[in-house]
Amino acid sequence: MELAVFNQLAADEARATIRHCVAIPRWQEALVAARPFYSREALLAVADTLARQWQQPELQAALTAHPRIGERAEGTDKEATLSRGEQSAMQQAGHALQQAMQQGNQAYEARFGRVFLIRAKGRSGEEMLAALQRRLQNSEADEQQETLDQLREITLLRLKETIR
């Protein structure tokens, strides 16, 4: 969608346009309320600033919309479709790598109590597994921040793909 069109949408239509970027209604509402944007760069800068305010409650809300790395997102909505595309490297990985990722996901969830989140787009299955193994060594606070950083990357990437 062109930025000029996004700027002109009714608020509910604008929120619907960016809903797939992240399952955090407060972020969606704040970004829509900040319109009009005079450039795509301004849109992305505001989106990034808003995303840097996220904490544990926003993370918990957003993770409800993210499948485990290596698991196929179900459904036909835009978020599920994007997730399947973003995780295509893991979907195409060999059995041993998929098995290692599944075991890593289980260890991560046992350690941190949430699904492992990483910007999958542009990363190989091996890179995602190495990141998971490295992040298992993080403290709870460090891992929460790294997960929030990954969530912000995913959100901004999706926004860039949505608004031209």
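The values are calculated or read from the model by the stated rules, or taken from the named source; none is laboratory data. Values in this document were obtained by computation on a predicted structure and should not be read as measured data. All Cβ positions, glycine included, derive from the backbone under ideal geometry; neighbour counts span all protein chains shown. Only protein heavy atoms, including side chains, enter the accessible area calculation; ligands, DNA and RNA are left aside. Shrake-Rupley method; radii C 1.70, N 1.55, O 1.52, S 1.80 Å.
Details
- The chain: angle of helix 140-162 to the longest principal axis, Cα-based, in degrees nearest 10: 50
- Here each label is just a point 7 Å from Cα along the line to Cβ, and for ARG19 and VAL115 those points are 1.8 nm apart.
- Rounded percent of accessible protein surface that carbon and sulfur make up, the chain, 1.4 Å probe: 50
- Accessible surface computed residue by residue for segment 3-162, with neighbouring protein chains in place and a 1.4 Å probe, gives 50 Å² per residue.
- Here the Karplus curve 6.51 cos²θ - 1.76 cosθ + 1.60, taken at θ = phi - 60°, turns the phi angles of segment 25-41 into couplings of x, 4, 5, 4, 5, 5, 5, 5, 5, 7, 5, x, 9, 8, 7, 5, 4 Hz, with x standing for Gly and Pro.
- The Rg/Rh ratio for segment 3-162 is 0.99, where Rg is the radius of gyration of the alpha carbons and Rh is the Kirkwood radius.
- GNM flexibility winner over the chain from GLY104, GLY125, GLY113 (Cα, springs under 10 Å): GLY113
- Per the Kirkwood formula applied to alpha carbons, segment 1-48 shows a radius of gyration over Rh ratio, Rg over Rh, of 0.91.
- Secondary-structure-derived ellipticity at 222 nm for the chain, considering helices only, amounts to -20000 deg cm²/dmol, per-run term -39500 (n - 2.57) for DSSP H runs with n ≥ 4.
- Contact order normalised by residue count of segment 3-162, Cα under 8 Å, 6+ apart, percent: 25
- Net charge dipole size for segment 3-162 [Lys, Arg +1 and Asp, Glu -1 on Cβ; Debye, nearest 20]: 180
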